[in-house]
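Below you'll find the structure, written out as structure tokens, and then a few comments.
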Amino acid sequence: MKKHRHVYEFFRDDHPSLGIILGSGLNDLLDSVDIRKKLPYSDIPDFPRSTVKGHEGAFVSGSIDHISVLAARGRFHYYEGYDLGEVLSIVRSFHELGIQHVVVTNAAGLIDPGHQPGDILLIRDCIDMTGQVKEFDPGLAKLRKAEETPAKHAAKDAGIELGEGVYVWTTGPSYETPAEIEYFRSRGGDLVGMSTMPEIMWARRNGMKVYPFSCATNWAAGMAPHPLTHEEVYETARRVRKDLTRYILTLSRHIGG
Ligand code: HPA
């Protein structure tokens with residue numbers, strides 16, 4: 001029995017092979033792609049709703065060259081009051097449609113001083129600060145060779161300097177304290193954000209290949225002389241959009257071709 005039957009029936013004739021989750025400020029990343037169909041989350045019975053500014057809240061399907069893609073504009077977070085099942089609704093829908101590859105994007109705070117806000121980093125592993133994914137094998141958070149290789153080749157082809165780092169998952173909704181960021185850095189964290197880790201683990205557990213990226217939108221708390229604001233996060237996401245779009249289009253061809 002398909003849990004998200006409505007999504008399945010709406011998109012099954014598109015036969016999507018690649019799913020893309022677009023994070024904060026990155027919703028219109030695929031505007032250059034011809035959109036075939038659109039399904040707002042609010043039209044799906046029993047589906048969560050996006051409550052976050054900058055998250056449109058819709059699935060859109062289209063093609064990148066000959067590859068059929070399904071993109072989720074906006075995702076669900078713990079801090080919106082959703083449980084793990086609801087947070088996973090998008091990847092579950094992808095899986096029900098037979099999608100084998102998932103690109104996951106997010107906006108994240110940068111902890112690693114070796115990068116700059118505006119850089120794009122491949123997530124090579126995660127640290128769970130929420131205690132919400134204990135049922136998953138911890139090894140599922142780690143990037144696989146078969147995912148890393150196309151991600152790096154695509155970066156070279158697209159002329160993108162792709163960093164990599166360890167993503168720290170927090171529940172939010174508030175940003176961190178400087179002392180928390182100091183602690184995360186001392187434990188090996190490079191990026192911090194409020195999403196992505198459960199989607200990565202669930203998708204890998206269900207046999208999908210996952211290509212997870214952070215757009216480093218801001219210095220993490222305490223690392224810049226000015227206080228951190230939502231505006232800064234959206235402003236950087238907007239600035240990086242062109243590069244990230246080019247990269248995702250190139251990556252799609254590497255994965256699908
Ligand atoms: N912390 C947590 N989540 C975020 C941040 C941050 O600094 N920036 C964007 N999402």
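General observations
- Sequentially through the stretch 34-41, phi angles give Karplus couplings (6.51, -1.76, 1.60; θ = phi - 60°) of 5, 8, 8, 9, 9, 10, x, 4 Hz, Gly and Pro residues having no value and appearing as x.
- Value of Rg/Rh across the stretch 117-257 [Cα atoms, Kirkwood radius]: 0.97
- Summarising the label geometry, the points placed 7 Å from Cα in the beta-carbon direction at residue 205 and residue 100 lie 2.3 nm from one another.
- Entries in 37/156; 53/152; 3/142; 209/242; 152/209 that, when Cα-Cα distance is taken, lie over 21 Å: 37/156; 53/152; 3/142; 209/242
- Whole-Hz couplings from phi, Karplus 6.51/-1.76/1.60, listed for the stretch 118-128; x for Gly and Pro: x, 6, 10, 10, 7, 7, 9, 5, 9, 10, 8
- Reachable aspartates and glutamates, given that their alpha-carbon falls under 19 Å from the alpha-carbon of residue 134 and they are not under 8 places away in the same chain: 83, 86, 125, 199
- Along the stretch 248-254 the Karplus relation, 6.51 cos²θ - 1.76 cosθ + 1.60 evaluated at θ = phi - 60°, assigns HN-Hα couplings of 5, 4, 5, 4, 4, 5, 5 Hz to successive residues, with x for each Gly and Pro.
- Probe 1.4 Å, accessible area per residue of the chain, Å²: 43 Å²
- Taking only the Cα atoms of the chain, the radius of gyration and Dmax are 16.9, 53 Å.
- Residues whose amide H comes within less than 5 Å of that of residue 57, counting only those at least five positions distant or on another chain, are 73, 74 (H built at 1.01 Å from N in the peptide plane).
- Spread over its residues, the convex hull of the C-alpha atoms of the stretch 184-257 is 113 Å³ per residue.
- Spin-label pair residue 34/residue 53, simplified geometry with 7 Å Cα→Cβ offset, distance in nm: 3.6 nm
The values are calculated or read from the model by the stated rules, or taken from the named source; none is laboratory data. The shown structure was predicted, so the numbers you read here are calculated from the model rather than taken from an experiment. Positions of Cβ are backbone-derived with ideal geometry, glycine not excepted, and every protein chain shown enters the neighbour counts. The area values use the complete protein model at the heavy-atom level, side chains included, leaving out ligands, DNA and RNA. Shrake-Rupley method; radii C 1.70, N 1.55, O 1.52, S 1.80 Å.
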